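Structure, as structure tokens:
FYI, it's all coordinate maths here, none of it is from the lab. Please read all numbers here as calculations on a predicted model, not as lab measurements. Don't worry about glycine lacking a Cβ; one is built from the backbone with ideal geometry, like all the others, and counts go over all protein chains shown.
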Amino acid sequence: MLVKIAWRNVWRNRSRSLIVISSIAVGVWALVAGTGFMNGFLVSYISDQINYNTSNIQIHHPVFHEDRDVNYSIPNSDEKADYLQQIPGVIAVTKRVLVNGMIASAKKASGVEIKGLDIDRERQVTHLDSILIEGKYFEGVKRNPVIIGSKLAEELNVKIRSKIVLTFSDKDGDMISGAFRVVGIIKSSAVNLNEGTAFVRDSDIQSLLGIDHNYHEIAALTETQSEEKTIISEYQKKYSDDLVQDWKEIAPDLAYISESFGNMLYILMAIILIALVFGIINTMLMAVLERIKELGMLMAVGMNKSKVFFMIVVETIFLGLVGTPFGLVLGYLNVDYYHERGVDLTDYSEGLEAFGYSSDLYPYLEPSVYIIVSIGVFITTIVGAAYPAYKAVSLKPVEALQKV
């Protein structure tokens with residue numbers, strides 16, 4: 001009975017109720033759409049870093065990260081790469097030679113990380129060939145081809161087929177230089193790829209280093225739903241002496257950004273829901289004050305205060321139940337539309353690239369977010385109803401009946 005009365009009370013003042021419902025719908029839409037767009041930045045950033053740079057899992061000699069000495073290679077790297085490839089959840093595996101050195105052109109010299117790639121396997125893991133903006137993927141030059149980032153190419157003032165010199169220490173600690181020709185220029189949202197990495201063939205760099213088919217890194221790309229820790233555990237059952245890390249350990253800054261974005265999303269949700277609380281309190285308080293005489297009469301004829309309180313709360317919940325679905329649907333359509341088509345942020349590309357973000361944004365939301373938002377709005381309506389309902393039960397029936 002009280003539920004029916006509460007439902008009728010909601011529509012006694014249609015215009016006011018529709019305004020509250022609209023404000024709830026707009027708030028929920030803003031919350032869902034805003035979360036989707038912010039999450040799009042996060043997913044894009046982390047995805048680019050994993051797909052083009054770190055990969056999901058990396059394997060090294062336990063001492064290599066401390067010293068970066070070229071002699072700390074992975075024993076039996078071919079065998080280990082093949083074994084890792086067979087673990088369920090692993091899409092592709094590649095091997096890399098890593099060495100720090102200098103890159104120099106006729107104009108300038110700069111520090112650089114040199115990566116010697118197993119070029120066929122590498123394109124399956126990092127899809128390096130997909131971010132080429134000039135040239136081809138290790139084609140067009142027979143001897144010592146190199147691929148560099150667009151920012152590095154700009155700094156060195158080089159272009160396709162330009163000659164550069166790489167200088168580094170070989171396995172004996174002696175400085176050695178090699179002449180290379182640029183066959184490709186890449187552009188990525190990953191800053192270190194654009195500015196501080198040179199990609200060469202593994203055989204070319206191994207010959208200069210004198211390490212003969214040894215590798216310093218094995219990298220794996222895994223399926224989206226796969227748990228990296230499970231794959232790592234499976235690998236280490238057989239090869240326990242290697243250092244095996246997932247992307248969060250490889251790049252703790254990515255893990256920190258992911259956590260920070262998660263906190264920001266909750267802050268955004270809190271701000272919007274707090275604004276909704278005050279809107280609901282204002283509206284329901286007006287509704288209570290307008291019905292002082294009516295509420296006093298109900299209490300005078302025997303309706304206890306708990307039922308009056310419950311009635312006001314239910315009225316508010318009805319407003320939320322009507323407004324929330326509209327907001328969720330609008331938010332979903334908004335996120336889905338731009339997820340398929342993307343948002344072109346080319347006008348802000350320079351600023352975004354400085355922070356490692358792509359100029360193409362694809363909003364994204366996990367289905368669980370819609371449930372969280374719904375629960376959040378439901379709690380908000382109850383909180384918003386608490387004070388007006390308290391004011392209603394605080395009325396004294398005799399005084400309320402005398403109100404004009």
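Values as computed for the structure displayed
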read-out: Top of D118, D82, D67 by mean-square fluctuation, Gaussian network on the chain, Cα under 10 Å; value: D67
read-out: Residue range of the chain that is longest and free of trypsin sites (Lys or Arg not before Pro) which are both DSSP loop and sparsely packed (at most 10 other C-beta within 10 Å); value: 144-404
read-out: Most mobile listed residue (Q236, Q49, Q85) in the chain, GNM with C-alpha springs under 10 Å; value: Q236
read-out: Which label in [x] 23, 37, 21, 15, 4, 0; [y] 24, 49, 24, 3; [z] 28, 63, 8 gives the computed P(r) over Cα pairs in 20 Å bins from 0, in percent; value: [x]
read-out: Highest-fluctuation residue, I375, I74, I185 considered, GNM on the chain with Cα pairs under 10 Å; value: I375
read-out: Within the chain: Cβ-based charge dipole about Cα centre, in debye rounded to nearest 20 (Lys, Arg +1; Asp, Glu -1); value: 2580
read-out: Cα lying deepest toward the dipole's positive end in the chain, options L128, L265, W247, charges on Cβ; value: L265
read-out: FRET efficiency for I133 and N282, using Cβ-Cβ distance with R0 set to 56 Å, rounded to 0.05; value: 0.55
read-out: Axial C-alpha extent at least 15 Å, average Kyte-Doolittle at least 0.5 - helices from the chain (DSSP); value: 14-49, 252-290, 305-341, 367-393
